[in-house]
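Enquirer: Structure incoming, see below.
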Amino acid sequence: MNNIIGRFYFKLTDSKNLIGEFSNNHETCNKNYTESADRILPDANSPRNSDDGKFIGEFFSTWHDEIDGMHDCTLSKLKIIHKHDDIFSLTWWLFQENGKIADKPSFWGEGMLCDGILIGDYRDFSTP
């Protein structure tokens with residue numbers, strides 16, 4: 001079985017970007033943190049007039065986290081696709097110190113829509 005390390009939700013803004021919160025299973029995580037994602041590429045195959053298709057695409061995602069008392073700000077590329085029916089697959093690639101996106105994804109997750117909000121969980125990519 002895969003190890004879930006956290007949970008998230010995303011709301012779609014009027015400008016088609018994402019805003020949401022997440023938490024994780026780090027021992028020092030005692031609150032929800034904010035994650036935001038700016039759309040960089042819509043999926044050409046997504047249904048344009050359905051609610052679920054509005055989340056499909058590629059984004060630059062940023063968040064702040066605290067691990068063992070250390071503050072960390074992260075920039076990543078996020079890709080959201082349809083997995084099947086009403087289930088979505090999300091993949092995050094972290095940016096490296098040289099400003100390039102990592103070759104290997106760092107996190108992956110699955111989500112579903114509830115009242116227009118994408119809700120799900122995520123895992124470390126080393127345990128898909």
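Enquirer: For the subset of the stretch 4-17 comprising residues that are of a type in the set (D, E, K, R) and part of a loop (DSSP other than H, G, I, E, B), which member is farthest from Ser106 (Cα to Cα)? Full working, then the answer.
Expert: We begin by selecting, within the stretch 4-17, every residue of a type in the set (D, E, K, R); these are 7, 11, 14, 16.
Of the ones still in play, those that are also part of a loop (DSSP other than H, G, I, E, B) are 14, 16.
Details: Asp14: 28, Lys16: 24 Å.
Once the filter is applied, the top-ranked residue is Asp14.
Enquirer: May I pose another question? I'd like the full set of residues that are farther than 27 Å from Glu27 by Cβ, acidic (Asp, Glu) and modelled with pLDDT under 90, limited to the stretch 73-121.
Expert: Within the stretch 73-121, Asp85, Asp86 meet the criteria.
Enquirer: Scan the stretch 18-72 for residues that are in a strand (DSSP E or B), at pLDDT below 90 and of a type in the set (A, V, I, L, M, F, W, C) and jot them down.
Expert: As a first pass, look at the stretch 18-72 and keep what is in a strand (DSSP E or B): 18-24, 33-42, 57-67, 70-72.
Now restrict to residues that are at pLDDT below 90: 23-24, 33, 41-42, 64-67, 70-72.
Listed by number, the residues that qualify are Leu41, Ile67, Met70.
Enquirer: Which ones in the stretch 86-107 are part of a strand (DSSP E or B) and either in contact with a Lys or Arg (Cβ under 6 Å, 6 or more places away or on another chain) or of a type in the set (S, T, N, Q) (or both)?
Expert: Let us first name the residues in the stretch 86-107 that are part of a strand (DSSP E or B), namely 87-95, 101, 107.
Result: Ser89, Thr91, Trp93, Ile101.
Enquirer: Of the conditions (1) more than 20 Å from Asn32 (Cα to Cα); (2) modelled with pLDDT of 95 or more, Pro128 fails just one. Which one is it?
Expert: The one condition Pro128 does not meet is (2).
Enquirer: What residue, of Phe125, Phe88, is without any contact (Cβ under 8 Å) to a residue 40 or more places away in the chain and out of contact with any Leu (no Cβ under 9 Å at 6 or more places or on another chain)? Let's see the steps before the verdict.
Expert: Working: Phe88 fails: out of contact with any Leu (no Cβ under 9 Å at 6 or more places or on another chain).
From the options Phe125, Phe88, the qualifying one is Phe125.
The values are calculated or read from the model by the stated rules, or taken from the named source; none is laboratory data. It should be emphasised that the depicted structure is a prediction, and the values quoted were computed from it without experimental measurement. All Cβ positions, even for glycine, are placed from backbone atoms using ideal geometry, and neighbour counts span all protein chains on display.
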